Amino acid sequence: MTTSPDSSENKSGYVVDAEDAAEMARLLDQDILVSKSMGGLFPEHVDELEGISDILDIACGPGGWVLSVAREYPHIQVTGIDISERMVAYAQAHAQARGLSNAHFRRMDILKSLDFPSGSFDLVNARTLVGLMSPQTWPLLVSEIVRVCRPGGIVRLTEFEMPMTNSPHFETISWMVLQAMHKAGRSYSPDGRYFTLTAMLGSLLQEAGCQDIQEKPYVINFSSGTEAHEGYTQDMILGFKLITTFLTQLGITTEEKYELAYQQMVAEMLSDRFRALGYGLTVWGICP
């Protein structure tokens, strides 16, 4: 999934090791958190799934979203693709153990042509790809998504921006991440202050020929004392730990400086005074 400073990263394009067991566990928990924050698996399509029989999930990781959809909609065939052998194997084993015969998984590099015939799916979902895509690769992927989606089918993209908090060290580390993504060519922001990806989702669908483009924003309050606090705090504590190598290899910081800021950030996030808001956006359109 990345153009990165490390040859091992080049195998996957992701800003962390795609085969890391800790990342797999984090993504499983994250899938549940994000779906709950969005109001469900398809909060904007509750009444529109009757004609849908085949769904594709892009960069599915360990398959959390696919497995949830397969369980909740047993009449729908759901396929997840990911470049990680470990995650695909886990997802397949999980589907078999749960008897979810409508859940399917394949190892596939989404930075290349998707290995499906044109018009194979009624709905294609892509969620939280910010860690592996760039302004150069996004249009190519969306074009492939539109190709494998049937005419009249739905393309659905969901992304998030960096949260806003009152934690000085969370903000310091967020700035490091944003600058690293900008330096690595992963950001749409002209100066690295934001990912700016949410602002681009609609135009990506429009440029790919999608019609009737709509959007739904999400605001996630994970301040201390809220229901979302524990889940999102743990997700970010682990995620910021796993991204250390990406930051140091790009020269954004040193391991020593980062570890000091990281430990202070953890203490601030776990304090009763921590306040935080996250922002996300789902954009969907109809394939031509």
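The values are calculated or read from the model by the stated rules, or taken from the named source; none is laboratory data. Note that the structure is predicted; figures quoted are calculated from it, not measured. In this analysis, Cβ positions are derived from the backbone assuming ideal geometry, glycine residues included, and neighbour counts consider all displayed protein chains. Side chains are part of the model used for accessible areas, which takes the heavy atoms of the whole protein and leaves out ligands, DNA and RNA. Shrake-Rupley method; radii C 1.70, N 1.55, O 1.52, S 1.80 Å.
Using each residue's phi in the range 222-236, evaluate 6.51 cos²θ - 1.76 cosθ + 1.60 at θ = phi - 60° and report the 3J(HN,Hα) Karplus result to the nearest Hz, with x for Gly and Pro.
3J(HN,Hα) across the range 222-236, in whole Hz: 10, 5, 4, x, 8, 4, 7, 4, 4, x, 6, 5, 5, 4, 6.
Compute the length gained on full extension between H45 and R193: take 0.36 nm times their separation in residues and subtract their Cα-Cα distance, giving the result in nm to one decimal.
On the way: separation 148, 0.36 × 148 = 53.28 nm, distance 3.26 nm.
My answer for the length gained is 50.0 nm.
On full extension of the chain, what length is gained from E171 through Q211, given 0.36 nm per residue of separation minus the C-alpha to C-alpha distance?
Details: separation 40, 0.36 × 40 = 14.40 nm, distance 3.77 nm.
Once the chain is fully extended between E171 and Q211, it gains 10.6 nm.
Through the Karplus equation 6.51 cos²θ - 1.76 cosθ + 1.60, θ set to phi - 60°, convert the phi angles of the range 249-259 into ³J(HN,Hα) values in whole Hz; use x for Gly and Pro.
5, 7, x, 6, 7, 10, 4, 5, 5, 5, 4
Name the long-range amide H neighbours of L197: under 5 Å, sequence gap of 5 or more, or other chain; modelled H, no Pro or chain starts.
Those lying under 5 Å, H to H, from L197 are Y188.
Show me the three semi-axes of the equivalent ellipsoid for the chain, from the C-alpha gyration tensor (sqrt of 5 times each eigenvalue), largest first, rounded to whole Å. Can you show the working numbers first?
On the way: eigenvalues 182, 84, 74 Å².
Largest first, the chain gives 30, 20, 19 Å.
Helix 168-183 sits at what angle to the longest principal axis of the chain, using alpha carbons and giving 0 to 90 degrees rounded to 10?
Between helix and principal axis, roughly 60 degrees.
Please work out how much length the chain gains when fully extended from R86 to S203, using 0.36 nm per residue of separation minus the C-alpha to C-alpha distance, in nm with one decimal.
Details: separation 117, 0.36 × 117 = 42.12 nm, distance 3.38 nm.
Result for the pair: 38.7 nm of gain on full extension.
Which whole-number percent is the relative contact order of the range 120-184 (Cα, under 8 Å, 6+ apart)?
Reported as a whole number, the value is 41 percent.
Once you keep just the Cα pairs under 8 angstrom separated by 6 or more residues, what percentage relative contact order results for the chain? Working shown, then result.
Working: 534 pairs, mean separation 58.7, N = 288.
The value is 20 percent.
Which order do W284, W175 take when ranked by solvent-accessible area (1.4 Å probe, heavy atoms of all protein chains), largest first?
Numbers: W284 20, W175 125 Å².
Result of the area sort, largest leading: W175, W284.
Any idea how far the Cα center of the range 158-203 sits from the one of the range 69-134, in Å?
If you average the Cα positions of each part, the centres end up 27 Å apart.
Just reorder S223, S101 by solvent-accessible area, largest first, 1.4 Å probe, all chains present. Numbers along the way, then the final one.
Working: S223 10, S101 100 Å².
Descending accessible area places them as S101, S223.
Residue-wise, which Karplus ³J(HN,Hα) couplings in Hz belong to the range 103-110, taking 6.51 cos²θ - 1.76 cosθ + 1.60, θ = phi - 60°, and x for glycine or proline?
For the range 103-110, the Karplus curve yields 9, 10, 9, 9, 7, 7, 8, 6 Hz.
Which order do I32, I243, I252 take when ranked by solvent-accessible area (1.4 Å probe, heavy atoms of all protein chains), largest first?
Numbers: I32 115, I243 15, I252 55 Å².
Sorted descending by solvent-accessible area, the residues read I32, I252, I243.
Can you give the charge dipole size of the chain about its Cα centre, rounded to the nearest 20 debye, using +1 on the beta carbon of Lys and Arg and -1 on the beta carbon of Asp and Glu? Mind showing how you got there, number by number?
On the way: 21 positive and 36 negative charges, 42 e Å.
Charge dipole, the chain, about its Cα centre: 200 debye, nearest 20.
Taking amide H positions as placed 1.01 Å from N in the peptide plane, with prolines and chain starts having none, which residues 5 or more places from R275, or on another chain, fall under 5 Å of its amide H?
Amide H neighbours of R275, under 5 Å, 5+ apart: N166, S167, S224.
Quick one: helix 137-148 against the long Cα principal axis of the chain, what's the angle to the nearest 10°, folded into 0 to 90?
Computed tilt is about 20 degrees.
Hey, could you grab the Kirkwood Rh for the range 20-177? Inverse mean 1/r over distinct alpha carbon pairs, Å, one decimal.
Details: mean 1/r = 0.0606 Å⁻¹.
Here the Kirkwood hydrodynamic radius works out to 16.5 Å.
Mind listing the long-range amide H neighbours of N221? Cut-off is under 5 Å, sequence gap 5 or more, other chains count too, H placed in the peptide plane at 1.01 Å from N.
Amide H to amide H, under 5 Å and 5 or more residues apart or across chains, N221 pairs with G278.
Taking every DSSP beta bridge with both residues inside the chain, roughly what % is antiparallel (nearest 5)? All intermediate terms of the calculation are to be shown ahead of the outcome.
Numbers: 18 of 38 bridges.
The answer is about 45 percent antiparallel.
Using only the Cα atoms of the range 222-288, what do you get for the radius of gyration and for Dmax, in Å?
Cα only, the range 222-288: 15.9, 52 Å (Rg, Dmax).
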